[in-house]
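Chemist: Supplied in structure tokens, the structure appears directly below.
The values are calculated or read from the model by the stated rules, or taken from the named source; none is laboratory data. What you see is a predicted model; the values in this text were computed from it and never measured. Cβ placement follows ideal geometry from the backbone for every residue including glycine, while neighbour counts extend to all protein chains displayed. Ligands, DNA and RNA are stripped out before the accessible areas are found, and what is left, the full protein with its side chains, is counted by its heavy atoms. Shrake-Rupley method; radii C 1.70, N 1.55, O 1.52, S 1.80 Å.
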Amino acid sequence: MQEVFDAEFAADPWPVLDQLRRDGGVHRVRTPDGPPAWLVTRYDDVRAGLLDDRLTSDVRTAGRTDYRGFAVPPPLDALLVTAPGDHARLRKLVTGELSPRRLTEWDRLAPLLVESLLRKVDSDAEVDLVERLAVPLPAAVLGELLGLGSDEREALAVWANSTLLASAAPPRARDTLATMQSIITAATEQARAERADTLLGRLVAAHDDTGSPSTEELAGLLFYLLFVWYEVLTDLLAGSILALLNHPDQLPALHSASNMLPAVEELLRYVSPQVLAGPRFATADIGFGDYTIRSGQTVLLCLAAANHDPRVFTRPGELDLGRKRNPHLGLGYGIHSCLGTALVRTITGATLDAVFTRWPGTTLTVSPREIVWRSGFRHRGPLTLPVKLG
Ligand code: HEM
């Protein structure tokens, strides 16, 4: 059993992942939470795993001794205990809402949300762009997307500040879950009272009219939309800005791009903030490389390792905003692939455009090695980004 997720892993996972990929690709590892799991690192295996319907996300099929993912109490765990048919039904409820067609107004809205935060930043100042931008922006985005009232937006921002900033005291899991639950309940009640024509209002109306989503499913969906993906968006924004600060040679490519999309795709690949897909549980014995994964065992499909696989990406350790072929798995793949894809691309593009157009000469005020990383193994991002704007 290998111990790969040590304190260094979040700051620099690449040497370890490269080694594991070379060394057979599939490994039995101990998770930081204790229980073991299989870690899959080669691109072809990760992609195949994401498409394999013998690997389910439903934690009820997990064996007793393997890793079971982060523990969330009901009803916030509704999506973790969803059978495939129910998962497809729930996914359908939000797919249309987050489709590129529905999100056309975000081309206009995203730069406005970014600007509203940057306007408050003094241009001569040394600032922490995690604190001033990467943490508050998702609250503004998700507040707008779901149609939250001002009290819930404020509560979301307070939750984010108290859990995601380097200065935050370590939150007690129980307090954090209680805060999340109360934001979800308040937002749902308000949308119902106002019969709001918003994403949340439409989910509540669907629940009231048809019973789908159920009360538990609605809470579970909101838990993921508001809190789980919040943190990963923060990590993507901060990680992308840091990558560009570390590669000023790439800024001309960013500025000359008529379309931000390839640049954002490359950052999603290079940064890979979502290191692991959600845990999958084998419902049958499955051959993976030289190993047989037994029914009930847990499989961690490593998106970050796949995204740096030299069999698929030329010079994977280099950031190349002009990369032509980029079939990265940073937003997942298959039936669980990211529903926020269109939004994530638009927000990230607008953020990078605003920061590096306004302040093209921005530099880090510490050496890249001094940047502290959030100590997760499922996803990773810089905790602070101290910069001198310019
Ligand atoms: C506005 C922000 C976001 C929203 C609303 C969002 C929404 C979602 C939802 C609803 C799912 C679950 C789909 C399912 O289980 O069927 C999902 C999956 C996923 N998202 Fe996002 N997401 C957001 C941001 C991000 C970001 C920033 C990243 C990474 C850079 C990301 C990466 C992923 C990945 C890798 C999966 C698949 C996980 C798996 O296969 O287990 N998401 N997203």
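Chemist: Between ASP209 and ASN326, 0.36 nm times their residue separation minus their Cα-Cα distance comes to what?
Modeler: Net length gain for the segment: 37.8 nm.
Chemist: On to the next question. Across bins of 5 angstrom width beginning at 0, how are the C-alpha pair distances of region 183-323 distributed, in whole percent?
Modeler: 2, 8, 12, 13, 11, 11, 13, 13, 10, 6, 1, 0
Chemist: Another one. Whole-Hz Karplus ³J(HN,Hα) for region 332-344, in order, using 6.51 cos²θ - 1.76 cosθ + 1.60 and θ = phi - 60°, x for Gly and Pro?
Modeler: The phi angles translate into x, 6, x, 5, 10, 4, 4, 7, x, 3, 4, 5, 4 Hz.
Chemist: Averaged over all directions, how much area does the convex hull of the C-alpha atoms of region 243-284 cover when projected, in nm²?
Modeler: Taking a quarter of the hull surface, the average projection is 4.3 nm².
Chemist: For region 285-338, what does the alpha-carbon gyration tensor say about shape, rounded, prolate or oblate, given a ≥ b ≥ c as the root eigenvalues, a/c under 1.5 as rounded, and a/b over b/c as prolate?
Modeler: Since a/c reaches 1.5 and a/b is larger than b/c, the shape of region 285-338 is classed as prolate.
Chemist: Which percent of Cα-Cα pairs in region 310-390 sits in each 5 Å bin, short to long?
Modeler: Per 5 Å bin, starting at 0, the Cα pair percentages come out as 3, 10, 12, 18, 24, 20, 9, 2, 0.
Chemist: Tell me, what is the 1.4 Å probe accessible area of GLU97, in Å² to the nearest 10?
Modeler: Estimated to the nearest 10 Å², GLU97 gives 20 Å².
Chemist: With each run of n ≥ 4 DSSP H residues scored as -39500 (n - 2.57), what mean residue ellipticity at 222 nm is computed for the chain after dividing by its residue count and rounding to the nearest 500 deg cm²/dmol?
Modeler: -13500 deg cm²/dmol
Chemist: While we're looking at this one, here's another question. Stick to the Cα atoms of region 1-142, pair each with every other, and give me the Kirkwood hydrodynamic radius in Å at one decimal.
Modeler: Numbers: mean 1/r = 0.0513 Å⁻¹.
One over the average 1/r among Cα pairs gives 19.5 Å for region 1-142.
Chemist: Further question: Pop out the ³J(HN,Hα) list for region 151-162 in order, Karplus 6.51 cos²θ - 1.76 cosθ + 1.60 with θ = phi - 60°, rounded to Hz; leave Gly and Pro as x.
Modeler: Each residue's phi maps through the Karplus curve to give 5, 6, 4, 4, 4, 5, 5, 5, 4, 4, 4, 7 Hz.
Chemist: Please report, to one decimal in angstroms, the Kirkwood hydrodynamic radius of region 265-314 built from all distinct Cα-Cα pairs.
Modeler: Averaging 1/r across every pair of different Cα atoms and inverting gives 12.3 Å.
Chemist: Another one. Using 1/(1 + (r/R0)^6) with R0 = 22 angstrom and r between the beta carbons of ARG30 and ALA284, what's the FRET efficiency to the nearest 0.05?
Modeler: With a Förster radius of 22 Å, E is 0.35.
Chemist: Moving to a separate point now. So how do 273-283, 214-224, 149-159 stack up, highest first, on mean other-Cβ count within 10 Å? Walk me through the numbers before you get to the answer.
Modeler: Numbers: 273-283: 23.2, 214-224: 19.8, 149-159: 17.2.
Final packing ranking: 273-283, 214-224, 149-159.
Chemist: Let me ask something else about it. Go ahead and run the numbers for FRET between ARG91 and ASP249, Cβ-Cβ distance against an R0 of 51 Å, rounding to 0.05.
Modeler: After rounding, the FRET efficiency stands at 0.80.
Chemist: I need the P(r) histogram for region 1-68: all alpha carbon pairs, bin width 5 Å from 0 out to the longest distance, whole percents.
Modeler: Values per bin, smallest distances first: 3, 15, 21, 26, 21, 12, 2.
Chemist: Beta carbons within 10 angstrom, averaged per residue: use that to sort the peptides 377-384, 254-261, highest first.
Modeler: By packing density, highest mean first, the sequence is 377-384, 254-261.
Chemist: To the nearest 0.05, how large is the calculated FRET efficiency for ALA71 and ARG195 if R₀ is 25 Å and r is the Cβ-Cβ distance?
Modeler: Computed FRET efficiency for ALA71 and ARG195 comes out at 0.10.
Chemist: Work out how much length SER123 to SER375 would gain on full extension: take 0.36 nm times their residue separation and subtract the Cα-Cα distance, in nm to one decimal.
Modeler: That works out to 87.7 nm of additional length.
Chemist: Amide H neighbours of PHE288 under 5 Å, counting only residues 5+ apart in sequence or on other chains, H built in-plane at 1.01 Å?
Modeler: ILE293
Chemist: Still on this structure: Express the carbon and sulfur contribution to the solvent-accessible surface of region 103-168 as a percent, rounded to the nearest whole number, probe 1.4 angstrom.
Modeler: 47
Chemist: Considering all projection directions equally, how large on average is the shadow of the alpha-carbon convex hull of region 87-135, in square nanometres?
Modeler: Dividing the Cα hull surface by four gives the mean projection, 4.9 nm².
Chemist: What number in nm² do you get for region 231-390 if you take the convex hull of its Cα atoms and divide its surface by four? Working shown, then result.
Modeler: Values: hull surface 42.0 nm².
So the Cα hull casts an average projection of 10.5 nm².
Chemist: If you take the alpha carbon radius of gyration of the chain and divide it by 2.2 N^0.38 Å, what ratio comes out, to two decimals?
Modeler: Relative to the rule-of-thumb radius for its length, the chain sits at 0.97.
Chemist: Then there's this: Treat each spin label as a single point 7 Å out from the Cα along the C-beta direction, and report the THR363 to ALA168 distance in nm.
Modeler: 3.2
Chemist: What Kirkwood hydrodynamic radius, in Å, does region 93-214 give when the mean of 1/r is taken over all pairs of distinct Cα atoms and then inverted?
Modeler: For region 93-214, the Kirkwood estimate is 16.2 Å.
Chemist: Stretch ASP151-MET1 to full length: gain in nm at 0.36 nm per residue minus the Cα-Cα span?
Modeler: Length gained, ASP151 through MET1: 49.2 nm.
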